[in-house]
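Asker: Sending over a structure as structure tokens; questions will come in a sec.
The values are calculated or read from the model by the stated rules, or taken from the named source; none is laboratory data. These numbers were taken from a predicted model, which means no experiment stands behind them. Every residue, glycine as well, gets a Cβ built from its backbone with ideal geometry; the counts of neighbours run over all protein chains shown. For accessibility, only protein heavy atoms count, side chains too; no ligands or nucleic acids. Shrake-Rupley method; radii C 1.70, N 1.55, O 1.52, S 1.80 Å.
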Amino acid sequence: MADTHIDSYQTPASAEVLHSMMLMSDYAKKYGVDLMIHGGDLNDGAKPHDLSKIDIQLGVDAMKLGQRPYIILQGNHDDNSGYVRDQAGYQLDQLMTNEEAWCLRAGALNRPDNGNNAVYGTYNIPNSQVTIIVLDGFDQPDIETRRTTLGDGNVHFDSFRHGYSRYSDQQLNWLKNEALPHVPEGNKVLFLNHIALGGIKTWQNTWSKENQLSIDEYARNLFENNVVTNRPGFIENQQVLKDIINYQNATHNVISYISGHTHQDNQALYHGIQFVTTTCAIADRGDGSEKNFNPQNSARNLTDLTGNAWSIFRISAHSGEVVQFRFGWKNDRYFLPGWHF
């Protein structure tokens, strides 16, 4: 599940998404799944510090009902820096820091110590040949004064994390020199991140309701491909993609790279790696929501099971097969029910 955007019951969908999380947890507990994953944007980050803390805790409590190992990724809404910047007049005492959020969200992830308290690390699923590698596409300080266009050491608009994608040198070095070289022998690797990676050129064009965008234009509009205000982050995204491709070419061990963020089911096969994005769990955003109704797909409805959207991935490292089951709504045109690796 990804992109729940819990926001203190601001809308009926933001209340119902907690019930969806509880339902997923009940399934996980009943059937003993190996790992529960929240793909980021657990909360919406649109509230002051104390209310943001409540939103995070609501989501974490819902995950814990599964009584199974869980990992919650870092999304661009998982701190409230956008709120502090855009609505609270730079009141830094209202900021939910990475350290505070990690203390609330920490689960099964083996996270190395790092300067930004970023959420990246590994998890080897017990009694299997599957290694999870989690990446954090928002790996930067809570407040960054050196990166601003003025560079005067003060806080400005681009000092805040929200709206930018970055990978620290520490994370890049960890991925290339620690995580990938130390994958247990014989294991296959599943990559998880809230966002996809800059430079992938084979996405399906889900935004083009009337074929108004080419696929190239669609790719350029993706968050991680932003070269206007976020060129350093784009370069770092490309570096991560390059390292994963090099690892795949050397080992052929990559199961997939799964992300959320776009609120859309989508897929791209690139350099022999299956990239997958998953629709949002909250029913009034993204594809399937009433405001973005596409006549070629059925709309989501809070009054029935389509208000939910979470997947079960069945992975066989031995046969090299993934089967994806979706509970609730899916975009039938772009949802990928399975693939081989």
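Asker: What is the projected area of the convex hull of the Cα atoms of the range 1-155, averaged over all directions, in nm²?
Answerer: The directionally averaged projection comes out at 9.7 nm².
Asker: Let me ask you something else. Going by the alpha-carbon gyration tensor, a ≥ b ≥ c the square roots of its eigenvalues, is the range 211-341 rounded (a/c under 1.5) or, if a/c is not under 1.5, prolate (a/b greater than b/c) versus oblate?
Answerer: Oblate, because a/c is 1.5 or more while a/b does not exceed b/c.
Asker: For the chain, compute the number of Lys pairs whose alpha carbons are separated by less than 15 Å, excluding pairs fewer than 8 positions apart on the same chain.
Answerer: 5
Asker: Once you sort the root eigenvalues of the Cα gyration tensor of the range 71-124 as a ≥ b ≥ c, which label holds: rounded (a/c under 1.5), prolate (a/b larger than b/c) or oblate (the other case)? If you can, show how the numbers build up before the last one.
Answerer: On the way: a/c = 2.98, a/b = 2.48, b/c = 1.20.
In terms of gyration-tensor shape, prolate.
Asker: Now, a different point. How far apart, in nm, are the 7 Å Cα→Cβ label points at residue 238 and residue 321?
Answerer: 3.9 nm
Asker: Using a 1.4 angstrom probe on heavy atoms only, work out the carbon and sulfur share of the accessible area of the chain in %.
Answerer: It is 49 percent, rounded to a whole number.
Asker: Rounded to the nearest 5, what is the percent of antiparallel bridges among the DSSP beta bridges in the chain? Please report the intermediate quantities before stating the final value.
Answerer: Details: 22 of 39 bridges.
Once the DSSP bridges in the chain are tallied, antiparallel ones form about 55 percent.
Asker: Now, a different point. With a 1.4 Å probe and every protein chain left in place, tell me how much accessible area residue 340 has, in Å² to the nearest 10.
Answerer: Approximately 140 Å² for this residue.
Asker: How would you classify the chain from its alpha-carbon gyration tensor, with a ≥ b ≥ c the square roots of the eigenvalues: rounded for a/c under 1.5, else prolate if a/b is greater than b/c, otherwise oblate? If you can, show how the numbers build up before the last one.
Answerer: On the way: a/c = 1.24, a/b = 1.08, b/c = 1.14.
Note, shape of the chain comes out rounded.
Asker: How much accessible area per residue does the range 1-126 have, in Å², with a 1.4 Å probe?
Answerer: On a per-residue basis, 40 Å².
Asker: Go from 0 up to the bin containing the longest alpha carbon distance in the range 178-251, width 5 Å each, and give me the % of pairs per bin.
Answerer: 3, 14, 20, 20, 17, 12, 8, 4, 2, 0
Asker: Which value in deg cm²/dmol, rounded to the nearest 500, describes the helix-derived mean residue ellipticity at 222 nm for the chain, given -39,500 (n - 2.57) per DSSP H run of n ≥ 4 and division by the residue count? Provide the component values of the computation, followed by the final result.
Answerer: Details: 7 runs with 84 residues, N = 341.
That comes out to -7500 deg cm²/dmol.
Asker: Highest mean first, what order results for 236-245, 8-17 on Cβ atoms within 10 Å?
Answerer: Highest mean packing first, the order is 236-245, 8-17.
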